[in-house]
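Structure first, commentary second.
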Amino acid sequence: MGNAPRLISVARAKRFVAENVSPLPAERIMLDDALHRVLAENVRSDVDAPPFDKAMMDGYAVRSADLTRVDSATSATGCVLRVVGQLPAGHLPAAGVGAGDAMQINTGAPLPDGADSVVRVEDTEPTSDGMAVAIKTPGREGDHVERRGAYSKAGHVVLGAGTRLFAHQIAAAASAGAAQLSVYRQPRVALLVTGDELIDVNDRPTGAQIRNSNGPMLDALVRGLHARPVNLGVTGDDPQTLATQIESGLESDVLCISGGVSMGAFDFVPKVLAGLGVRVVFKKIALKPGKPTLFGVAESGTRVFGLPGNPVGCFVAFWLLVRDALAVLEGRSEIRPIWRARLDGPLPATGDRECYLPCQIEQPPNGDRVAKSITWRGSGDSLGFARANGLIVRPVRAPASQDGDRVEIIPIQPW
Ligand code: AMP
Ligand code: MG
């Protein structure tokens, strides 16, 4: 593939990234370590689920044929059954249930032979000697019973490849007997922050210094997507040290470089990358904020993202491009939830770049979702951006929007 034109659309940039990423190899892990990992293979159950006909309520295991004598109109206790035993969960019945019999049963216990339904304890009245029980409500075959294999048969797929495992899927894997799982390897994401002006959070800026906020932000973004950050620290704007650090970053699956991609005399990143044999696919996107965003592929296969130094541009470019790449590397398809909201307040017309405006999304209990753009002072304003929980998407050359218009939004934070 040849190099792309200088300023490409966001959609085109996303396509270029998608064309250049594919899932990482799979690995086997223990179920205990599986939270947030993505299945590389289907999980099949090794047993029927449930493994036996199972009582779903505390009550009495009965033959439904015996219940026809209950008068549903009056709930008259026309049906009195003999109590023939008691069956807690985890125990096998000592005997079956014959005609006219009822066996006390607890939720989770296997249905005794002969019984075909369970009457809930609240629908019964034991006789004073406890030897018999009156049934107060009519019942039918199968009431409060789950048949063996009703959830899934042995050998059937219970979790599909590509599923990201949260607590409830881990429960399904446990039920299915999957003590080990085949999952995609988590992407290792090297993070390299550039800029002579940058100092650590523990230091106090003097003179021309500012604190490095992109480093901690990128680390958090990577962790939030369940990938593994490899922090390479901060490097000054010097081609030699940059080359050394980038080379070590090319050992990871993805390398994100913050800063140094713009037009300044000290923005050495594109040149250094080219010198290290990285095929640069694009260098600039029609994106605001986030124009100086670079994407390339190294000979090692490492995908390289050069992200803007400006904190909001850095976030937006990561959110639009790196996030999709990490999803695909981990065996997921790209994530693009499109939400809509009612705009609170007007917005100006846009120019030749797609705009992503930090906003506050609110969801009133009985109304339309609302997006209100926050007050911020542009792509360098990391503190204003901290008030946002979403982005309003504005297409290229869109006319001004009015209060109440429908707009597309992207949530950037879980509620
Ligand atoms: P650059 O992309 O290197 O030209 O940087 C653009 C702007 O972002 C400059 O004002 C930088 O000081 C600022 N900047 C660059 N890197 C960071 C960082 N890691 N944390 C906060 N601001 C940064
Ligand atoms: Mg810089």
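The values are calculated or read from the model by the stated rules, or taken from the named source; none is laboratory data. Keep in mind that this is a model prediction, so the values were computed, not measured. All Cβ positions, glycine included, derive from the backbone under ideal geometry; neighbour counts span all protein chains shown. These area figures cover heavy atoms from the full protein model, side chains too; ligands, DNA and RNA do not enter into them. Shrake-Rupley method; radii C 1.70, N 1.55, O 1.52, S 1.80 Å.
What the table shows:
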| read-out | value |
| --- | --- |
| Solvent exposure, largest accessible area first (probe 1.4 Å, DNA, RNA and ligands not counted), of 184, 151, 356 | 151, 184, 356 |
| Segment residue 153-residue 28, length gained on full extension (0.36 nm per residue, minus Cα span) | 42.6 nm |
| Degrees between helix 167-176 axis and first principal axis of the chain (Cα, 0 to 90, nearest 10) | 50 |
| Cα-based convex hull, the range 315-415, per residue volume (Å³, whole number) | 115 |
| Carbon/sulfur fraction of accessible area - the range 45-166, other protein chains in place, 1.4 Å, % | 51 |
| About the Cα centre, charge dipole magnitude for the chain (Lys/Arg +1, Asp/Glu -1 at Cβ), debye | 1620 |
| Karplus (6.51, -1.76, 1.60) ³J(HN,Hα), θ = phi - 60°, over the range 36-45, in Hz, Gly and Pro reported as x | 6, 7, 10, 5, 9, 9, 4, 9, 10, 7 |
| Compactness index (Cα Rg / 2.2 N^0.38 Å), the range 93-141 | 1.12 |
| GNM flexibility winner over the chain from 169, 240, 186 (Cα, springs under 10 Å) | 240 |
| Amide H contacts of residue 226 (H built 1.01 Å from N, under 5 Å, at least 5 apart or other chain) | none |
| Per-selection metrics, the range 238-382 (Cα): Rg and Dmax in Å | 17.7, 59 |
| The range 230-324: trypsin sites (Lys or Arg not before Pro) falling in loop per DSSP and having at most 16 other Cβ within 10 Å | none |
| C-alpha center-to-center spacing [the range 87-105, the range 354-412] in angstrom | 62 |
| Mean accessible surface per residue for the chain, computed with a 1.4 Å probe while every protein chain stays in place, in Å² | 49 |
| Using θ = phi - 60° and Karplus 6.51 cos²θ - 1.76 cosθ + 1.60, couplings along the range 87-92 (whole Hz; Gly, Pro as x) | 9, x, 4, x, 10, 8 |
| Tilt relative to the chain, helix 239-249 - C-alpha long axis, 0 to 90 degrees, to 10 | 20 |
| Of 39, 21, 106, farthest towards positive along the dipole that unit charges on Lys, Arg, Asp, Glu beta carbons give the range 1-152 | 21 |
| Helix axis angle, 10-19 relative to the chain longest principal axis, alpha carbon, degrees | 70 |
| Ratio Rg/Rh [Cα only; Rh per Kirkwood] for the range 176-255 | 1.14 |
| 3J(HN,Hα) from dihedral phi, the range 304-309, Karplus parametrisation 6.51/-1.76/1.60, rounded to Hz, x for glycine, proline | 10, 10, x, 9, x, x |
| Principal axes of the range 1-153: Cα extent on each, largest first, Å | 88, 36, 22 |
| Value in Å of the Kirkwood radius, where the chain supplies the Cα pairs that are averaged | 25.9 |
| Under-5 Å amide H pairs with residue 285, H placed in peptide plane, nonlocal only | 8, 293 |
| Amide H contacts of residue 409 (H built 1.01 Å from N, under 5 Å, at least 5 apart or other chain) | 339, 340, 341, 393 |
